[in-house]
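S.K.: Sharing a structure here in structure tokens format.
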Amino acid sequence: MAEKDIPGGGNRRIKDSMFVDLFGKDINAKENFLSLYNALHGTDLRLEDTKLEPEMIDGAVYMSYANDVAMMVNGQVVVLIEHQSTINQNMPLRLLDYVTRIYERIIPARKKYYRSRIQIPMPEFYVLYNGTDDFPAEEVMRLSDAYIRPEGREPDDATLELVVRVYNINVGKGDALLEKCVALRQYSQFIALLREAHRTGKMDPLSWAVREAVRKGILPEYLERKSTEVFNMFLMEYDYKDDIASQREESLEEGIRIGEKRGLEEGLKKGRLTGLEEGLEKGRLESMRLMMQKLNMPLPQVMETLNIPPEKRGKYASLLS
């Protein structure tokens, strides 16, 4: 997942994203995760018969460590899944860190000194890639690929190995996996809509993508229920390198181009889209508060950054006072 340092925020890492929420934190996360697990393994486990325990690392405890999604399945397997919009060849090393922290938490330290062998859940490692660079549908990364080998040593001499399976989940590239998991397919379809919005110059790309997704039946229940959270997650987490390349070198203040939903109210006076509009409006207000609190930005600068029209700035100032 993309990580961004917040100016004035002590190098704080932003780890919440729509992907992490869908498969790790939302009220339907376990159902979505199990669907993904079944797609990866060719199984048909049912939620009512399967014990799923979230094993995400708490960044507040481990500071520099915060993984995307990890679940223990039936007490037997710990599945670690990272979402990436840029390919990172160091993912085996990073996932080694993550699984070590998870084992530290779930295995009492004293048991490591037992004379008899203790049983530990088997780890599995996955990276789901949805960036715009060309990448095969599936690839394998190995920790041993990074080893400095003394002269005469063979690759098979490595006594520590970690294998990561990398899947391209872009629509049209990872369809074999996407067809097996509805939540993953619809997430990828939503990202495709968001990219289309940026590519075609929509005035408010995120709002347009949310409305279009709901219209097409892409994550409709989730987007209607969490439009505010989605707005905030993408405001702080969206990876401009892949999808807004022309803005990559701009500062955070200049790079956030979500803007006001000009004309969105027209034609949306009734029905569920009105609820989306209200949610997005609430999300904009919460984002403004976040920028003021976490980025230490004065309200006038926040409004300028978000392209709030002058005629609406008084309204927002009163709401935020």
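S.K.: For Gly75, what is the net charge nearby, where nearby means another residue's Cβ is under 11 Å from its Cβ and Lys, Arg count +1, Asp, Glu -1?
M.R.: Working: positive: Lys51; negative: Glu53.
Charge balance in the 11 Å sphere: 0.
S.K.: Amide H to amide H under 5 Å from Ile57: which residues, 5+ apart in sequence or cross-chain, H placed 1.01 Å off N in plane?
M.R.: Asn67
S.K.: For segment 69-76, in order, what is each residue's ³J(HN,Hα) by Karplus, 6.51 cos²θ - 1.76 cosθ + 1.60 with θ = phi - 60°, in whole Hz (x at glycine and Pro)?
M.R.: Running phi through 6.51 cos²θ - 1.76 cosθ + 1.60 with θ = phi - 60° gives 10, 9, 9, 8, 10, 6, x, 10 Hz.
S.K.: What does the C-alpha gyration tensor say about the overall shape of segment 105-224? Classify as rounded when a/c is under 1.5, otherwise prolate if a/b is larger than b/c, or oblate.
M.R.: Verdict is prolate for segment 105-224.
S.K.: With all protein chains present, how much of the accessible area of segment 126-173 (probe radius 1.4 Å) comes from carbon and sulfur, to the nearest whole percent?
M.R.: Answer for segment 126-173: carbon and sulfur cover 44 percent of the accessible area.
The values are calculated or read from the model by the stated rules, or taken from the named source; none is laboratory data. Not measured: the values here are computed from a predicted model. With ideal geometry, Cβ positions are generated from the backbone for all residues, glycine too; neighbour counts draw on all protein chains shown. Accessible surface areas use protein heavy atoms only, side chains included; no ligands, DNA or RNA. Shrake-Rupley method; radii C 1.70, N 1.55, O 1.52, S 1.80 Å.
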